[in-house]
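Okay, structure first, notes after.
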Amino acid sequence: MRTSYLSSAALASLLLVQPAHAQTAPQTTAAAETPDTGEIVVTAAKRSENLQAVPISISAIGGDALARARITNVDSLVTKVANLQISSTVGDNTPIFALRGVSMSDYSLNQSSPVATYYDEVYKGNFAFLGVAMFDLERVEVLRGPQGTLYGKNTTGGAVNLISRDAKLGETSGYINAGYGNYNRVDLSGAVNVPLGDKAALRVAGTFANADGWFKNVVPGVPDLASTKEWAIRGTLKYEPMDGVKLTLRASHSFQGPQNYGIFAQPEATNRLGLTKWQIASDVAQKRRAVTTSVAFTANIDVSDTLALTSITSYDKGTLFFKEDTDGTASRLLEVPYYDKASQFAQDLRLTSNTGGPFDFILGVYYNREKVFNRTALEILTDNDVNGDGQITAADCAAGLPAACKIQNQFDQVKKSFAVYTDLKYKVSDAITLRGGLRYTHDKGEQTGFSADAYGYDNVFVTNLIPLSNLGFKKDNVSGKIGLDYKLASGDLLYASVSRGYRAPSFNAQAFFAPVELSVAKAEEVTSFEAGAKTQFWDRRITLNMAGFYYNYKNQQFINVDPNTAAQQLLNIPKSTLYGAEAELTVRATDKVTLHAGMGLLSTKIKSGIVSGVDVSGHRLSNAPTLTFNASIDATLLQGGFGSISVHPELSYQSSQFFETLNIPRLRQQSYALFGGHIDWDSPDGRFNASVWARNLGNKFYFTSRIDLLAGFGFDYNHIGNPRMYGVTVGAKF
């Protein structure tokens with residue numbers, strides 16, 4: 001295993017990770033002498049910097065590249081970023097990220113991922129806040145490893161930053177795109193930017209998508225599942241009253257109302273009652289509903305020539321409801337309705353220095369208050385006439401508990417987080433820079449009014465299972481980072497760091513049957529050791545970035561499902577270790593051909609832990625494939641008075657993985673590859689464009705999450721990835 005791993009590591013230094021399709025940086029005089037250097041500007045370190053100068057493992061993808069590749073929701077980022085995985089247990093646009101094997105392993109709607117998601121620097125923790133976000137983007141940045149000294153929210157796994165296009169002063173511009181694809185998919189998106197005098201501008205962007213369900217339902221009169229029905233709008237008002245003062249107000253609203261996702265319920269030794277892979281027998285016709293509203297005010301003020309103040313004040317609210325046909329059949333064996341209503345207020349305030357001297361710093365304070373109401377039910381065997389009277393009522397539930405019952409819990413949850421964070425750098429010489437930072441975090445959580453009750457199928461109360469209960473926690477944490485950069489004479493960068501990330505304790509939202517199930521999972525920590533290199537060759541036509549890491553992972557939080565009863569516990573795995581590497585390669589072979597390739601290597605091992613009475617020491621962590629790989633080509637084939645025609649084939653691959661810590665062999669997802677791409681036409685003046693695109697061109701059938709329910713319910717619970725998708729998009733700019 002070690003020999004194979006080291007061989008793969010050597011290969012990774014040649015074929016490397018994710019395309020960095022971000023915008024071209026403002027050119028310096030030196031850069032202007034080398035046309036089209038492909039330089040990328042990112043703000044991952046809270047400063048506008050060339051990606052090659054930032055000593056962090058980052059993947060950056062530009063908004064135009066995302067739009068052309070039809071990356072319209074965050075779930076699809078996994079095909080573009082090495083060592084990034086996603087579990088879609090609660091449906092599209094509600095991602096559960098895993099980065100370098102650090103994952104939440106919980107689908108409860110009250111939880112927040114250890115891989116934080118930010119929209120324009122605003123942290124979005126709860127699922128109800130995520131909504132429709134992938135439209136009119138400037139770029140996406142994915143940061144690997146613990147983030148605490150630069151970001152308002154402390155995380156153990158990393159951060160995914162979605163950065164929308166800003167309003168531009170003195171410019172009237174915009175675009176509109178329209179598309180049609182299989183499953184009768186219709187897409188519309190666009191934006192308009194208008195000046196409001198000399199010092200202000202307004203940008204309004206929107207998106208709309210509608211498609212039939214791709215999960216064919218064989219039950220007469222019940223719609224196909226996994227459809228698309230969504231729209232979103234975002235307004236950005238920018239005001240610069242004087243030099244050194246930039247004020248930005250953003251407001252957005254989104255709505256989703258499709259048929260919910262379908263469950264591929266798989267008995268161990270049958271052919272799913274005659275159903276094909278893309279068919280389901282579901283009797284649940286209720287639509288999924290997700291509504292979000294967000295307002296954020298950002299102020300950037302130059303306090304002096306060397307000091308800038310940034311304030312980000314935000315408010316979010318959202319609701320998410322869906323009823324899951326968990327058994328994937330027309331019988332009412334197991335169905336689960338979820339309801340989540342949440343609101344959040346956050347304030348991030350920081351000072352950033354730019355002295356031009358050897359020492360610079362970032363000093364910030366952060367406050368976040370999140371309020372959640374959560375209600376979930378387990379509807380178990382609700383078509384079971386227990387007493388044989390020809391009706392299914394509360395009497396059947398009383399006689400057969402939990403069979404013929406709706407077991408419902410609900411609670412309120414309030415989490416408050418306060419933090420002070422610093423990021424420091426000291427330039428010892430032209431070649432050596434020391435970096436460090438500390439963070440103090442105080443977290444407080446309250447889960448109040450928790451109760452669980454049994455109802456009959458007629459919604460008549462039967463009995464109380466968990467009496468009214470309250471839980472709480474308080475936790476203080478000090479974490480930080482220390483690192484060293486070494487800049488070679490060539491301009492290439494070598495770096496090494498040690499950092500620690502922290503994730504606050506969590507409440508179990510899946511307690512249904514007994515008070516003993518109520519629990520608070522311990523805080524988790526990741527200590528990261530990382531080293532990397534950012535290099536360029538051949539007159540900067542080749543960019544090669546590499547990073548290697550070793551993690552000590554302590555008290556990972558995860559949900560464990562009893563396969564016999566569906567009872568769920570929120571547990572901690574005391575100790576795990578993870579190590580691996582990523583590398584990124586971009587080759588601008590000619591002015592018309594650019595190659596991108598990428599690879600991620602990962603090895604995970606649980607060092608100690610007991611799950612369902614089983615010692616899982618030596619097992620692999622969930623959502624942690626050993627190898628991920630992606631590659632793409634951007635090639636202009638024809639160019640002339642008619643415009644240009646370019647091709648962009650894409651490939652992504654991942655090796656086998658587990659979705660649970662018991663590493664049950666039959667639930668192992670085998671390795672698979674996905675193929676896709678797009679062919680584009682652009683007019684000579686760049687105003688008009690058209691694209692033919694396809695994703696999962698081979699119609700590969702693969703799982704995105706799996707849960708063992710075989711012993712108690714007779715099936716394995718599975719989510720499957722999207723089938724082949726293709727279409728045509730046309731657009732115009734003005």
* Computed over the stretch 618-726, Cα set: Rg, Dmax in Å -> 19.9, 67
* **All-pairs Cα distance distribution in the stretch 148-211, expressed in whole percent, bin size 5 Å** => 4, 14, 15, 12, 12, 13, 15, 12, 4, 0
* What ratio of Cα Rg to 2.2 N^0.38 Å holds for the stretch 339-400? -> 2.65
* **Among 384-393, 417-426, the order from most to least packed when residues are scored by Cβ within 10 Å on average** => 417-426, 384-393
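For SER227, SER173, what's the fewest-to-most ordering of other Cβ within 10 Å of each Cβ? Please list the in-between numbers first.
Working: SER227 22, SER173 13.
Lowest count first: SER173, SER227.
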* Isotropically averaged projected area of the stretch 217-362, using the convex hull of Cα atoms (one quarter of hull area), nm² -> 14.0 nm²
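As an exercise, find the ratio Rg/Rh for the stretch 68-224 from alpha-carbon atoms, using the Kirkwood inverse-distance average for Rh.
For the stretch 68-224, the value is 1.03.
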* Using the C-alpha atoms of the stretch 370-434, what convex hull volume per residue, in cubic angstrom, is computed? -> 149 Å³
* Quick one: net charge around LEU578, please, counting Lys, Arg +1 and Asp, Glu -1 for every other residue with C-beta under 9 Å from its C-beta. => +2
* Obtain the nm distance between the two label points defined at TYR180 and VAL593 by a simple spin-label model: each point lies 7 Å from its Cα along the Cα-to-C-beta direction. => 3.6 nm
* Angle between the Cα long axis of helix 2-12 and the longest principal axis of the chain, 0 to 90 degrees, nearest 10? -> 50 degrees
* Convex hull (Cα only) mean projected area of the stretch 584-638, reported in nm² to one decimal -> 5.2 nm²
* Neighbourhood net charge (11 Å Cβ-Cβ; Lys/Arg +1, Asp/Glu -1) for SER656 -> +2
* Asked: Among PHE629, VAL611, ALA589, whose Cα lies farthest out toward the positive end of the dipole of the stretch 508-632, if unit charges sit on the beta carbon of Lys, Arg (+1) and Asp, Glu (-1)?
  -> ALA589
* For PHE675, PHE701, PHE129, order by how many other beta-carbon atoms lie within 10 Å, fewest first -> PHE701, PHE675, PHE129
* Which distance in Å, rounded to a whole number, links the C-alpha centroids of the stretch 274-338 and the stretch 223-242? -> 13 Å
* Asked: Which translational diffusion coefficient, to the nearest whole µm²/s, is obtained for the stretch 511-652 from the Stokes-Einstein equation, given a Kirkwood hydrodynamic radius over C-alpha pairs, 4 °C and 1.567 mPa s?
  -> 68 µm²/s
* Mind listing the phi-derived Karplus ³J(HN,Hα) values for the stretch 420-431, rounded to whole Hz, using 6.51, -1.76 and 1.60 with θ = phi - 60°, and x for any glycine or proline? -> 10, 9, 9, 9, 10, 9, 9, 8, 5, 8, 4, 9
* Tabulate in residue order the Karplus-calculated ³J(HN,Hα) for the stretch 459-470, using 6.51 cos²θ - 1.76 cosθ + 1.60 with θ = phi - 60°, rounded to whole Hz; enter x for Gly and Pro. => 6, 8, 4, 10, 6, 8, 9, 10, x, 3, 9, 10
* Structure fact -> Ratio for the stretch 677-734, C-alpha Rg to 2.2 N^0.38 Å, reads 1.92
* Asked: Rg to Rh for the stretch 2-733: what is it, with Cα atoms only and Rh by Kirkwood?
  -> 0.96
* **Relative counts (whole %) of C-alpha pair distances in the stretch 548-594, using bins that are 5 Å wide** => 6, 14, 12, 10, 11, 10, 9, 7, 6, 7, 5, 2, 0
* To do: Pick out, in residue order, every one of the GluC sites (Glu not before Pro) in the stretch 101-177 that is DSSP loop and has at most 12 other C-beta atoms within 10 Å; say none if there are none.
  => GLU171
* May I ask you to sort HIS253, HIS719 by Cβ crowding, counting other Cβ atoms within 10 Å and putting the fewest first? => HIS253, HIS719
* Asked: Hey, got the dipole for the chain? About the Cα centre, +1 on K and R Cβ, -1 on D and E Cβ, debye to the nearest 20?
  -> 920 debye
* Amide proton proximity set for GLY91, modelled H, under 5 Å, gap of 5+ -> none
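Using 0.36 nm times the number of residues separating LEU202 and ARG369, minus their current alpha carbon distance, what extension gain do you get?
Length difference between fully extended and current span is 57.2 nm.
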* To do: Please give the calculated 222 nm ellipticity per residue for the chain, where each DSSP H segment of at least 4 residues contributes -39500 (n - 2.57) and the sum is spread over every residue; nearest 500 deg cm²/dmol?
  => -1000 deg cm²/dmol
* Asked: Cα convex hull of the stretch 491-554: how many Å³ per residue?
  -> 117 Å³
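Coordinate-derived values only; no laboratory data. Bear in mind the structure is a predicted one, so any value in this text is a computation, not a measurement. Every residue, glycine as well, gets a Cβ built from its backbone with ideal geometry; the counts of neighbours run over all protein chains shown.
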